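A short worksheet on the structure shown next.
The values are calculated or read from the model by the stated rules, or taken from the named source; none is laboratory data. Everything quoted here is computed from the prediction, not taken from an experiment. Cβ sites come from the backbone with ideal geometry, for glycine too, and all protein chains shown count toward neighbours.
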Amino acid sequence: MTDLIQVFEYQFFRHALAAAVLTSVLAAMAGTYIVSRRIVFIGGGITHASFGGIGLAYYLGMNPFAGAAVFGILTALGIEWISQKGKIREDSAIAMLWSFGMALGIIFVFITPGYTPNLMSFLFGSILSVGRVDLQLMLAFSLVVILLFVVFFRPVLSTAFDPEFAKTKGIPVARFRYLMSVVIAISIVLSIRTVGIILVLSMFTIPQITAMLFTRNFARIIPVAALWGITGSVAGLMAAYLLDIPAAAAIIFMLTIQFLIIKGVFITLNNLRRKGARRR
Amino acid sequence: MNKPLVILEKMSTGYFSETVLKEVDLEIFPDDFIGVIGPNGGGKTTLIKAILGLQRLFSGKISFPRGRPNTGYLPQASQIDRGFPITVKELVSAGLKSSNPLFPHLSPKQRRKLNAMLEEAGLAGLAGKPIGELSGGQLQKALLCRALIDDPQLLILDEPNTHVDKQFEQELYGWLGALNKKMAIMLVSHDIGTISPIVKTIACVNGTLHYHPSNQLSEEVLKVYNCPVDVIAHGPIPHRVLKSHHHD
């Protein structure tokens, strides 16, 4: 137990905790939109395509996350454009961008002379090395997205739910969909820093499906998902420290276990209620 | 003078390079109640989407002599994702336009109107419920409220009788009759037998449009004009044929 208290004295651990909380908040907002619109696969495409940007940035000697952001945003806008034009099969186009980005990333990293960057930190995140600037960026972007959701909640919800109807009411549907694509892309790229490419999508989906056990109200899913994201990721960080296992994997493990336990409680309660009703 | 709300002139439209509707002519007047019938894939939904401005036109034009009308649209049930986490109140409120695009929230007046509408439709008790928990009839009622809440001049309904029971369907047709005193209505249905007693005129859509300025179609007429209908008949009522009603 003293172990657990001691660890808070380390700055890296306090940073990691803050990163877990901020990632949970960001993922709660973008993730609720993704899950509600059933476009998780698009999130996967953006995530993996951004690896191409990481590789290119490395090759050019730039900040890899700036590269990831550029690739992520371009992929997101490209997918939204394809889906609005509807000329190409959207799912196949996403799969192409998904693997093309990964391929580009691997090629660039391979041909970069000198030292090979630590690929593992991008694939699985490096929450224990998150710095002050990373946190400030995440905090600033979280605030921007919160403001966006508060001000434009009605058109965002309306264009996500029934874009054609929204269009008949004069809402600039295409503009909102592109805007949300950019929000999703930046949220994903910022979260890659903490949980990595392979695991990032679970931060955008597991807290949401957990929250949807409690409420089916879009505006309420967001804070509830943020809450479950925070409890799961903090528990994961603790477990990572105590058992000396990779942090991102521990976080996803805890998020999943948390979902299964809550789901189990719900099923049991329902069964009990049904039995009670039969007895009466 | 009775100016039309909407005029379609030689309008052709479709998807990508495939033409679904060819050279459609139609005038919609403020007191019209048009039944749009035709087979699946004949272009009924494409026609109403074109009128709503959701379709790119290949040729021809759509004009609005009285200015672009305020429309109320009730889409096909298949277009609605019932698993989407949206409440009944949020769904209906989507029908209200925001006056300030930079702060698109409801005004106090609009909020009162929304509550009154939900009350009137008997949906007040369900206002906070997600749409996934509604019955087919309740969902259609909510969608109808969304279409009506902004006081449209033209109400367009695409197969509103899917997934609802007969009793609700009859209730719905009763409401539509009353609403037609205030607005033009286009009602899409594959079932002419049911809608024919309530509509004033009929548009047959099957690749193009044949307009029948009556709600009765005789069998001969349907045969001659290749109107794709199975059941018709409400007695031997004379049927006037339009000049524009050619067939190749």
Can you give me the number of residues within the range B:145-176 that are more than 14 Å from chain A (Cβ to nearest Cβ) and acidic (Asp, Glu)? 4
Please work out which residue is nearest to A:Leu22 (Cα to Cα), limiting yourself to the range A:210-223 and to residues that are assigned to a helix (DSSP H, G or I) and within 11 Å of chain B (Cβ to nearest Cβ). A:Ile222
Take A:Gly229 and decide whether it is touching a residue at least 60 places away in the same chain (Cβ under 8 Å), in a helix (DSSP H, G or I) and under 17 Å from A:Ser126 (Cα atoms). no
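For the range B:62-78, enumerate the residues that are exposed (fewer than 15 other Cβ atoms within 10 Å of the Cβ) and within 10 Å of chain A (Cβ to nearest Cβ).
Applying the first criterion (exposed (fewer than 15 other Cβ atoms within 10 Å of the Cβ)) to the range B:62-78 yields B:63, B:65-68, B:78.
Within the range B:62-78, B:Arg68 is the sole residue that qualifies.
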Any residue in the range B:108-120 that is within 10 Å of chain A (Cβ to nearest Cβ) and either farther than 26 Å from B:Lys49 by Cβ or at pLDDT 95 or above (or both)? no
State yes or no: is B:Lys44 within 17 Å of B:Asn206 (Cα to Cα), buried (at least 22 other Cβ atoms within 10 Å of the Cβ) and either within 14 Å of chain A (Cβ to nearest Cβ) or touching a residue at least 24 places away in the same chain (Cβ under 8 Å) (or both)? yes
So which residues in the range A:163-177 are at the interface with chain B (Cβ under 7 Å from one of its Cβ atoms) and not in a helix (DSSP H, G or I)? A:Lys169, A:Gly170
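Looking only at the range B:97-105, decide whether some residue is within 14 Å of chain A (Cβ to nearest Cβ), in contact (Cβ under 8 Å) with a residue 24 or more places away in the chain, surrounded by fewer than 18 Cβ atoms within 10 Å (Cβ to Cβ) and farther than 23 Å from B:Pro197 by Cβ. Let's see the steps before the verdict.
First, pick out the residues of the range B:97-105 that are within 14 Å of chain A (Cβ to nearest Cβ): B:97-105.
Checking which are in contact (Cβ under 8 Å) with a residue 24 or more places away in the chain leaves us with B:97.
Subsequent filtering for residues that are surrounded by fewer than 18 Cβ atoms within 10 Å (Cβ to Cβ) retains B:97.
Narrowing the set further to residues that are farther than 23 Å from B:Pro197 by Cβ leaves B:97.
Yes, the range B:97-105 has at least one match.
Please pick out the residue among B:Gly83, B:Gly14, B:Gly35 that is within 12 Å of another protein chain (Cβ to nearest Cβ) and either under 21 Å from the mean Cα position of the chain (by Cα) or under 20 Å from B:Leu144 (Cα atoms) (or both).
B:Gly83
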Scan the range A:264-280 and report the pairs whose first residue is in a helix (DSSP H, G or I) and whose second residue is at pLDDT 90 or above, with Cβ atoms within less than 7 Å and a gap of 6+ or a chain change. A:Phe266/A:Leu213
Checking the conditions here, which among A:Phe204, A:Phe218, A:Phe214 is buried (at least 18 other Cβ atoms within 10 Å of the Cβ), of a type in the set (Phe, Trp, Tyr), modelled with pLDDT of 95 or more and more than 19 Å from A:Phe253 (Cβ to Cβ)? A:Phe218
Please state which one of A:Arg37, A:Arg89 is within 14 Å of another protein chain (Cβ to nearest Cβ) and free of Cβ contacts under 8 Å to residues at least 40 places away in the same chain. A:Arg89
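Find the residue count for the range A:94-145, including only residues that are among the hydroxyl-bearing types (Ser, Thr, Tyr) and outside any helix (DSSP H, G or I). Before the answer, list the steps.
Step one: list which residues in the range A:94-145 are among the hydroxyl-bearing types (Ser, Thr, Tyr), which gives A:99, A:112, A:115-116, A:121, A:126, A:129, A:142.
Of the ones still in play, those that are also outside any helix (DSSP H, G or I) are A:112, A:115-116, A:126.
Here the count works out to 4.
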